[in-house]
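Have a look at the structure below, then the notes.
Where a number appears in this text, it was derived from the coordinates with a stated rule and is not lab data. No experiment lies behind these values; they were computed from the predicted model shown.
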Amino acid sequence: MAFYVDGFVVPVPKDNVDAYRKLARTAGKVWLEYGALEYHECVADDVQPGKTTSFPQSVKLKPNEVVVFSWITYKSRAARDRINAKVMKDPRIAGLDPKSMPFDGKRMFWGGFKPIVSMTA
């Protein structure tokens, strides 16, 4: 099965993890309603700073923050583009004030990925 993945890495203040989880549940529902195949949000549990690079360094993690790694799967890149266009117009997403987000969006990064190996048990 061919599919496409959007991946995200986000620094979230530890005190805002519950608010982030609430936002992610809403966002996940929206993405799935418009056709995403899967929606995942994961909080760092075993992530150490590296000597050269790491998840904490990638977002300039502060002592009071935790890294969240997220991904959304789609049937194809074309499906991703179509779904994301609808999601961004949905009032549950479009109406969000960037200033009130429970994370620092300026240090978040994301991108689209075409899988080259995919295995399951």
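Laid out as a table, the results:
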item: Between the range 1-53 and the range 75-104, the Cα center-to-center distance that results, in Å; result: 13
item: Principal axes of the chain: Cα extent on each, largest first, Å; result: 38, 37, 24
item: From phi via Karplus (6.51, -1.76, 1.60), per-residue ³J(HN,Hα) for the range 102-111 in Hz, x at Gly/Pro; result: x, 7, 8, x, 6, 9, 6, 9, 7, x
item: Under 20 Å, Cα to Cα: Lys pairs in the range 4-112, sequence gap 8 or more or different chains; result: 18
item: Highest-MSF residue in the chain out of V47, V12, V68 [GNM, Cα springs under 10 Å]; result: V47
item: Derived scalar couplings ³J(HN,Hα) [the range 89-101; Karplus, 6.51 cos²θ - 1.76 cosθ + 1.60; whole Hz; x for Gly, Pro]; result: 8, 5, x, 5, 10, 4, x, 6, 8, x, 6, 9, 5
item: Long-range HN-HN contacts of E65 with modeled amide H, under 5 Å; result: K14
item: Whole-Hz ³J(HN,Hα) from phi, Karplus 6.51 cos²θ - 1.76 cosθ + 1.60, for the range 32-39, glycine and proline x; result: 5, 4, 8, x, 4, 7, 8, 9
